[in-house]
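**Q** Can you read through this structure? Questions will come right after.
The values are calculated or read from the model by the stated rules, or taken from the named source; none is laboratory data. Values in this document were obtained by computation on a predicted structure and should not be read as measured data. No Cβ is skipped: glycine too gets one built from the backbone with ideal geometry, and neighbour counts run over all protein chains shown. Accessible surface is based on the protein model in full, side chains and every heavy atom, while ligands, DNA and RNA are left aside. Shrake-Rupley method; radii C 1.70, N 1.55, O 1.52, S 1.80 Å.
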Amino acid sequence: MTLNPKLTKLLNEQINNEMSSSYVYLAMAAWFEGTPYAGFAKWMFAQSREETMHALKFYQYVVDRDAKVELQSIATPKSDFQSPIDVFEHSLKQEEKVTQQINDLFEVAEQVKDHASKNLLLWFLNEQMEEEKTVRDMLDRLKLAGNDPASLLVLDREAGSRPAGGGGGKTDFGGDR
Ligand SMILES: [Fe+2]
Ligand SMILES: [Fe+2]
């Protein structure tokens with residue numbers, strides 16, 4: 001089945017959105033590298049890699065569907081932040097934006113009755129739910145820690161123990177495409 005032109009365009013846009021996300025997280029990792037929070041830097045770096053894997057998953061899908069990949073330019077990400085809370089608040093906004101994008105894509109896939117695309121997008125919708133939850137949980141605990149250095153360092157250490165390149169296993173790209 002030929003991939004619908006509108007869906008093709010949106011899937012190509014999503015390759016760009018995920019690469020942009022990767023860049024956003026890389027800028028967050030770089031910001032944390034300039035602070036004592038090595039664990040958060042590692043977390044953001046891992047998240048950046050995961051977003052690249054998302055982009056590659058969309059890329060491979062467009063290729064597998066025999067449609068044309070069209071790459072676009074990536075905007076400069078925000079690079080200055082006030083605090084760990086500020087970074088995670090931006091991260092949550094970023095994830096909510098992507099969830100909306102995937103939701104919109106799913107609706108188009110539904111309109112054109114492309115069930116294979118719907119299946120791919122369901123995987124991403126679950127992924128988004130998980131990522132939003134992970135970020136929201138960390139944000140809640142950061143708010144609880146407030147300005148207490150000891151509490152912040154505990155959270156930093158926890159963030160640093162996250163497996164590289166994955167969000168706790170289940171969200172790992174892991175070759176299940
Ligand atoms: Fe993503
Ligand atoms: Fe994400």
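**Q** Which residue out of E51, E96 is open to solvent by 70 Å² or more (accessible area, probe 1.4 Å) and within 16 Å of ligand 2 (Cβ to nearest atom)? Before the answer, list the steps.
**A** Details: E51 fails: open to solvent by 70 Å² or more (accessible area, probe 1.4 Å).
Sole residue among the options that is open to solvent by 70 Å² or more (accessible area, probe 1.4 Å) and within 16 Å of ligand 2 (Cβ to nearest atom): E96.
**Q** Show the residue pairs that are 6+ apart or on different chains and have beta-carbon atoms under 8 Å apart, the first residue being within region 109-125 and more than 15 Å from ligand 2 (Cβ to nearest atom), the second being modelled with pLDDT under 95.
**A** Short answer, once both residue conditions are applied: D114/M1; A116/M1.
One line per residue, one yes/no per condition, for (1) part of a loop (DSSP other than H, G, I, E, B); (2) β-branched (V, I, T); (3) within 16 Å of ligand 1 (Cβ to nearest atom):
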residue	(1), (2), (3)
V24	no, yes, yes
A29	no, no, yes
W43	no, no, yes
Q47	no, no, yes
A55	no, no, yes
D80	yes, no, no
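**Q** Let me ask you something else. State whether one or more residues within region 64-72 are exposed (fewer than 14 other Cβ atoms within 10 Å of the Cβ) and in a helix (DSSP H, G or I).
**A** Within region 64-72, one or more residues are exposed (fewer than 14 other Cβ atoms within 10 Å of the Cβ) and in a helix (DSSP H, G or I).
**Q** Might you let me know whether region 81-91 holds any residue that is open to solvent by 50 Å² or more (accessible area, probe 1.4 Å), in contact (Cβ under 8 Å) with a residue 40 or more places away in the chain and either farther than 29 Å from L153 by Cβ or among the charged types (D, E, K, R) (or both)?
**A** There is at least one residue in region 81-91 that is open to solvent by 50 Å² or more (accessible area, probe 1.4 Å), in contact (Cβ under 8 Å) with a residue 40 or more places away in the chain and either farther than 29 Å from L153 by Cβ or among the charged types (D, E, K, R) (or both).
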